[in-house]
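Everything below concerns the one structure shown next.
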Amino acid sequence: MDVRWKKLLGTVVTVLFLIVYAHAAMVLAVRLLPGTDGVTQLAYYFVAGLLWVVPVGALIKWMQREA
């Protein structure tokens, strides 16, 4: 597959993934975090805010590879 097509596909997949991931993180937070203290909430949002980097980083690495 041409690098240009991989970048287009990777960009579309990244945007869709981030929309689904953000929604899932919000739903999980609404179910798990009510009644917890601020430190627990901060830890959740810190982890959830950084966890998406792993799959998107792998996708970007794939996008940069030559066919």
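Remarks
- Some residue of the range 7-26 being loosely packed, with under 13 Cβ neighbours inside 10 Å and more than 15 Å from the chain's Cα centre (by Cα): yes
- Among residues of the range 25-67, those that are assigned to a loop (DSSP other than H, G, I, E, B) and among the β-branched types (V, I, T), counted: 1
- Qualifying residue in the range 41-64 (condition: surrounded by 10 or more Cβ atoms within 10 Å (Cβ to Cβ), modelled with pLDDT under 95 and of a type in the set (S, T, N, Q)): yes
- Positions within the range 32-67 being touching a residue at least 60 places away in the same chain (Cβ under 8 Å) and of a type in the set (S, T, Y), in sequence order: none
- Pairs with Cβ under 8 Å, 6+ apart, first in the range 9-31 and closer than 14 Å to V53 by Cα, second among the aromatic types (F, W, Y) and outside any helix (DSSP H, G or I): F17/W52; L18/W52; Y21/W52
The values are calculated or read from the model by the stated rules, or taken from the named source; none is laboratory data. Everything quoted here is computed from the prediction, not taken from an experiment. Note that we place each Cβ from the backbone using ideal geometry, even for glycine, and neighbour counts take in every protein chain shown.
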